[in-house]
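Quick notes on the structure that follows.
The values are calculated or read from the model by the stated rules, or taken from the named source; none is laboratory data. These numbers were taken from a predicted model, which means no experiment stands behind them. Positions of Cβ are generated from backbone atoms using ideal geometry, with glycine treated the same way; all protein chains shown enter the neighbour counts.
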Amino acid sequence: MSDAVATPPPAPIVTGGAKTASSGGDGIEGGIGGTALGDRIYGGIIWVFAICVPILLALIALEIFLAGWPALHKFGLSFLTSSDWDPVNGKFGAAPSIYGTLVSSAIALIISTPLAIGVSVFLSEFAPPWLRQPVAFFVDLLAAIPSVIYGLWGIFILIPALRLAIIPFLRDTLHLSVIPLFNGPNYGYSMLAAGLILAIMVLPYIASVSREVLLAVPRSQREAALALGATKWEMIWGAVLPYAKSGIIGGIILGLGRALGETMAVTMVIGNRPEIKASLFAPAYTMASVIANEFSEASGDLHLSALMAVGFVLFVITIVVNAIARWLVWEVSRGNKS
Amino acid sequence: MYKRCTWVLGAMAVLACSGGGDKSASNPKDSTSAANGASTASSGADLTGAGATFPYPLYSKWFAEYAAKAGVKINYQSIGSGGGIRQLTEGTVDFGASDAPMSDDEMSKLKTPVFHIPTVLGAVTITYNAPEITQPLKLTGEVIAQIYEGKITKWNDKAIAALNAGVKLPTTDILVVHRTDGSGTTYIFTDYLSSVSPEWAKAPGKGKELQWPAGIGGKGNEGVAGQVKQTPGAIGYVELVYAKQNNLPIASIKNAAGNYVAPSVESITAAAEGAAAKFPPNTDYRVSIVNAPGANAYPISSFTYLLVDKTFTDAAKGKKLVDFLHWALTDGEKEASALDYGPLPESLDTRLVARLDSIKVGS
């Protein structure tokens, strides 16, 4: 995680190379001239790599779009708004899976963001040094667990816990069933289960980035706040967190990207029912799950195309979410400077 | 100079990238096989095939034994029936395999017409989680259809109670569990429901994936079985092989002759026997054998097929494949029941072996 924050930009090296090249042209022969040629080749190769990435992205988008076009063309806007997903009769509407992807990711972020920030604040501000490394290690380790393992854990631990304890407690003991969100069937397999599992899965992403960012906040920032008579709480809330805000948002977005695209663990616990229900206890479906579940046996052209179209919609949503995130980070960091 | 050099390299990169892109765009075979996570021709294999996952344990045993016996290596990718049909249509494999017969629409896209060669029989079992029920539950197709339509919602519904006289049924809700991934198992199950319930045939119909009127979805046999096992009151359907090997409670189903039959290797072979008696001599075997006649026939049974070209221009390949099929339908069949697959009835074996002779090998 730390290298994502601290990677030195390659651009200055190239510029440096260009300068050497021009000074080499001024008549200094031999070794330096050779370096200039090497620099040019190096610069060129870097260019190739740099250009390849956006081109690759554009080609992927184009391919998916073209493959999904027959379905998008046939159903038009109703592909996004219809809840009909009926492969037998060739009717495809992706609304429930779009809804499921967005809601399950939102639940994940709502739960994991405060937790992750809490963990990282503890690690950067409170934890004694001997505790910091081990706890950070275990949080990072969460990211290394394969998603199918999360899914199995979901089936065998989380689902029974939801069905036997958590859902009855929320719905009946706390009488939250007056709110549609908490009123519904009790299978265990539900939107809530997917959100909870995603929350655990995205936690390490948000926590690691936040921790690195908090550790990068200058000491002077903290000392200044303390010198003004702030308590530790006021120091963290007033001086450290605002300074690290843009980085933390970046971490949240990284987590969101992971949540939007997660397939296996979600499929195993969400109940896979393409319906939009207000209740968090009702089974739901996500875009990634639809594709993973149906692709291998989709034999009709339209069905295949509809799955590709779902992939395209997921792709667009991910890009839009990321764009909004970049903009947020940019806005926040600009606000910090002024 | 530096700038120009960069531009040249940059332009080359663009060409290289777009060239690669065009290639994959114009060659859907590559992208499909890559997406299926399977490499096509593996080095050293004489024949390659792809398709159904359901018969894979048996097929892999067959291929291993046949390689040892005849020295012919067959590489089979169990990527699902749909993937198998796609790869066969694109000509990237020598034969396909499918749990459901190909539709006319799919057949029309093939470059070379294919024979459907049934290899073994599979069955779909109804499993449930109701510890109160101590003896095997009895169900009819009509009742199963109504449960899956969400019309029967309680275990002690009159319709279920009438079939299970003297059995104390739980008063709980029924939770319907179905497969959510595309699957031949779902095809067989819904084919059966469509054949016994006109209403089911009209509304969700039959298919490898469909719009379920009720319940939740599990991924794979293990997903469905897991959800059923964990949720009291749940009902689901899984393959016989899976149900047997995991000792799940299995319902007996009323067959066309009016008997309640538990699924077993014998009762699904009996279903094929009853159905095969009615096949016309020139049948293409693209027929459903659900709800087959016969006193002991288990009604939710089905063939699984190998899809083999009717003509082979590559004579060597064609001969190898036909020889293998000969072996599979005679010696190979004997291995089926040990792995809980239903072997084909002998009468059908004989007919199929005769059918193999009509495969044209060489130009």
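A few points about this structure:
- When the strands (runs of 3 or more DSSP E) confined to region B:42-104 are screened for residues that are surrounded by fewer than 24 Cβ atoms within 10 Å (Cβ to Cβ) and either within 13 Å of chain A (Cβ to nearest Cβ) or not β-branched (Val, Ile, Thr) (or both), those reaching at least 1 such residues are found at B:47-51, B:74-77.
- Candidates A:309, A:244, A:298, filtered to the one that is in contact with a Leu (Cβ under 6 Å, 6 or more places away or on another chain) and modelled with pLDDT of 95 or more: A:309
- Looking at A:80, A:102, just one residue is within 27 Å of residue B:183 (Cα to Cα), in a helix (DSSP H, G or I) and touching a residue at least 40 places away in the same chain (Cβ under 8 Å), and that residue is A:80.
- Qualifying positions in region A:276-303 - more than 16 Å from residue A:262 (Cα to Cα) and either more than 10 Å from chain B (Cβ to nearest Cβ) or of a type in the set (S, T, N, Q) (or both): A:276, A:277, A:278, A:279, A:280, A:281, A:296, A:299, A:302
- Selection from region A:204-253 of residues that are among the β-branched types (Val, Ile, Thr) and part of a helix (DSSP H, G or I): A:206, A:209, A:213, A:236, A:240, A:248, A:249, A:252, A:253
- Listed conditions (1) within 14 Å of chain B (Cβ to nearest Cβ); (2) of a type outside the set (A, V, I, L, M, F, W, C); (3) surrounded by fewer than 19 Cβ atoms within 10 Å (Cβ to Cβ) are all met by residue A:267, apart from (3).
- Residue pairs meeting the criteria (Cβ under 7 Å; at least 6 apart or on separate chains; first more than 7 Å from every other protein chain (Cβ to nearest Cβ), in region A:40-51; second not in a helix (DSSP H, G or I)): A:46/A:10
- Of the criteria (1) within 14 Å of another protein chain (Cβ to nearest Cβ); (2) over 30 Å from residue A:90 (Cβ atoms); (3) of a type in the set (A, V, I, L, M, F, W, C), which one residue B:189 fails: (2)
- If only residues of region A:156-187 that are assigned to a loop (DSSP other than H, G, I, E, B) and touching a residue at least 40 places away in the same chain (Cβ under 8 Å) are counted, the one that is surrounded by the most Cβ atoms within 10 Å (Cβ to Cβ) is A:187.
- Out of B:242, B:237, B:298, B:260, sole residue that is closer than 30 Å to residue A:266 by Cβ, away from every other protein chain (no Cβ under 14 Å) and modelled with pLDDT of 95 or more: B:237
- Hey, residue A:37 buried (at least 16 other Cβ atoms within 10 Å of the Cβ), more than 30 Å from residue B:200 (Cα to Cα) and modelled with pLDDT under 95 or not: no
So that you can scan it fast, the table gives a plain yes or no per residue for (1) within 29 Å of residue B:76 (Cα to Cα); (2) in a loop (DSSP other than H, G, I, E, B):
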{"site": "B:256", "(1), (2)": "no, yes"}
{"site": "B:278", "(1), (2)": "no, yes"}
{"site": "B:281", "(1), (2)": "no, yes"}
{"site": "B:286", "(1), (2)": "yes, yes"}
{"site": "B:289", "(1), (2)": "yes, yes"}
{"site": "B:298", "(1), (2)": "no, yes"}
{"site": "B:303", "(1), (2)": "yes, no"}
{"site": "B:338", "(1), (2)": "yes, no"}
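- Any hit, region A:112-122, residues being touching a helix residue (DSSP H, G or I) at 6+ places or on another chain (Cβ under 9 Å), more than 30 Å from residue A:181 (Cα to Cα), within 10 Å of chain B (Cβ to nearest Cβ) and of a type in the set (A, V, I, L, M, F, W, C): no
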